[in-house]
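Note sheet for the following structure.
The values are calculated or read from the model by the stated rules, or taken from the named source; none is laboratory data. Given the structure is predicted, the values throughout are model-derived calculations rather than measurements. Cβ atoms come from the backbone with ideal geometry, glycine included; neighbour counts cover every protein chain shown. When the accessible area is computed, the model is the full protein with side chains, heavy atoms only, and any ligands, DNA or RNA have been set aside. Shrake-Rupley method; radii C 1.70, N 1.55, O 1.52, S 1.80 Å.
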Amino acid sequence: MSRIAVVPGSFDPVTLGHLDVIGRAARIFDQIHVLVVHNPAKTALLPVAQRVALIERAILDADFEGDIVVTSWSVGLLVDYCTDVGASVIVKGIRSQVDVAYETPMAIVNRNLAGVETIFMLPDPAHAHVSSSLVRQVAGLGGDVAPYVPKAVADFLQHG
Ligand code: PNS
């Protein structure tokens with residue numbers, strides 16, 4: 001049986017921390033689906049299709065091993081997508097106890113809804129301070145985000 005995992009998030013934009021988790025998950029599972037989910041609680045910087053394109057570019061540039069699908073999802077529950085593609089696992093990157101507190105209720109609800117387990121993965125501590133919201137703020141005020149995001153994202157935010 002092939003093991004499929006979903007790595008969901010807003011990815012607005014994808015950061016080096018996200019990319020680190022994606023690469024680690026791709027080495028563990030037979031296939032991973034990097035799923036861009038519109039989060040209505042957040043004010044978006046990039047359209048969902050642009051986020052997908054930047055993740056695809058960053059994954060190509062990183063030359064990761066493994067079978068990686070990048071797509072988006074806007075209708076219904078995350079676990080519905082997992083069930084549709086035969087994924088039994090969700091992978092979430094955890095930078096700190098703050099992330100654990102945020103992610104734990106969602107993990108339990110997703111397990112209760114559909115039996116989908118969530119695995120918390122630790123990115124390289126070098127990326128522990130990096131978040132998409134920080135990148136959005138720095139980029140919006142004209143600062144240099146190159147240390148925090150894949151080159152494709154830095155280029156796009158700088159030149160469009
Ligand atoms: O990167 P984010 O914004 O922290 O990602 C959060 C996201 C999009 C993964 C989360 O909001 C989510 O899973 N949304 C899908 C809707 C859903 O299934 N909600 C109920 C169970 S938590």
For the range 41-61, name all the residues that are closer than 19 Å to SER131 by Cβ and not basic (Lys, Arg). ALA41, THR43, ALA44, LEU45, LEU46, VAL48, GLN50, LEU54, ILE55, ALA58
Among ALA49, ALA26, ALA87, the single one that is away from the ligand (no atom under 11 Å from the Cβ), farther than 17 Å from ARG136 by Cβ and open to solvent by 40 Å² or more (accessible area, probe 1.4 Å) is ALA49
Scan the range 29-43 for residues that are within 15 Å of the ligand (Cβ to nearest atom) and either open to solvent by 50 Å² or more (accessible area, probe 1.4 Å) or more than 22 Å from GLY86 (Cβ to Cβ) (or both) and report the count. 6
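For every residue, the table says whether it meets (1) within 13 Å of the ligand (Cβ to nearest atom); (2) closer than 20 Å to ARG3 by Cα; (3) within 17 Å of the chain's Cα centre (by Cα).
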| position | (1), (2), (3) |
| --- | --- |
| TRP73 | yes, no, yes |
| VAL91 | yes, yes, yes |
| ARG95 | yes, no, yes |
| LYS151 | no, no, yes |
Checking LEU113 against (1) open to solvent by 70 Å² or more (accessible area, probe 1.4 Å); (2) more than 10 Å from the ligand (Cβ to nearest atom): exactly one of these is not met. Which one? (2)
